[in-house]
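Worksheet: one structure, shown below.
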Amino acid sequence: MQQRHFIEITGKEPRAGNGDPLDALKDFYSAFNTADMPALEAIWVEGEAPSMDNPIGGIRRGWGAIAEGYSKLFEGHAKVQVTFHDFTSQGGEDWHLFVGRERGQCETLKETLDIAFRTTRWFIRTNGLWRQLHHHGSVEDPKMLADYQRLIFGESR
């Protein structure tokens, strides 16, 4: 099933409230952009099933490892805000895939960096609710990635 092509998602958009997987995507971006760990936990599949693969966290398997990565990011000295854009949405009765791009900023007290990622988010319906099962992020610009890692991890990396 192919759905329409959306413009962008920040997490601030109104929800349809009809059990649409797009609401779950909006909930993810709302939780991420506000560094809300309980809300992130609510949007991810529980236990060892979920996985994440990105240039900052590497490969993480299970909610515990994913939560540890988010905690390190949120408790660090950099603040990251992203918008999901230029994406497609397709799915079935119990799965949904969003494939697109993220753009945003990574800010520290001394520096602001424009960031851009290719992003895939895979959701499944479990117990009647949409939950994120997998996220994959990648970077096209190696210099941006090096600068982003420096801001996230500090100069010691």
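The values are calculated or read from the model by the stated rules, or taken from the named source; none is laboratory data. Please read these numbers as outputs of a predicted model, since none were measured by experiment. Methodologically, a virtual Cβ is constructed for each residue, glycine included, from the backbone with ideal geometry; neighbour enumeration extends over all protein chains shown. Heavy atoms of the whole protein, side chains included, go into the accessibility calculation; ligands, DNA and RNA do not. Shrake-Rupley method; radii C 1.70, N 1.55, O 1.52, S 1.80 Å.
Worth a mention:
- Every condition in (1) open to solvent by 40 Å² or more (accessible area, probe 1.4 Å); (2) in contact with a His (Cβ under 7 Å, 6 or more places away or on another chain) holds for residue 121 except the one numbered (1).
- Filtered residues of the range 46-55 (kept if surrounded by 18 or more Cβ atoms within 10 Å (Cβ to Cβ) and hydrophobic (A, V, I, L, M, F, W, C)): 52
- The number of residues in the range 94-108 that are over 16 Å from the mean Cα position of the chain (by Cα) and either at pLDDT below 95 or closer than 21 Å to residue 55 by Cα (or both) comes to 2.
- Flag for residue 133 being closer than 20 Å to residue 53 by Cβ and open to solvent by less than 40 Å² (accessible area, probe 1.4 Å): yes
- Hits in the range 79-89 (condition: over 16 Å from residue 8 (Cβ atoms) and either modelled with pLDDT under 95 or among the β-branched types (Val, Ile, Thr) (or both)): 80
- Here residue 125 does not fit the description of being under 16 Å from residue 44 (Cβ atoms), assigned to a strand (DSSP E or B), free of Cβ contacts under 8 Å to residues at least 12 places away in the same chain and among the basic types (Lys, Arg).
- When the range 90-100 is filtered for residues that are in contact with a Phe, Trp or Tyr (Cβ under 7 Å, 6 or more places away or on another chain) and farther than 16 Å from residue 43 by Cβ, the ones remaining, listed by number, are 99, 100.
- Pairs where the first residue, in the range 9-36, is without any contact (Cβ under 8 Å) to a residue 60 or more places away in the chain and over 11 Å from residue 84 (Cβ atoms) and the second is part of a loop (DSSP other than H, G, I, E, B) and of a type in the set (Asp, Glu), C-beta under 8 Å, 6+ apart: 30/36
- Complete set of residues in the range 56-77 that are closer than 19 Å to residue 108 by Cβ, without any contact (Cβ under 8 Å) to a residue 40 or more places away in the chain, open to solvent by 30 Å² or more (accessible area, probe 1.4 Å) and of a type in the set (Gly, Ala, Ser): 71
- Unmet criterion (only one of (1) surrounded by 15 or more Cβ atoms within 10 Å (Cβ to Cβ); (2) of a type in the set (A, V, I, L, M, F, W, C); (3) at pLDDT below 95) for residue 35: (3)
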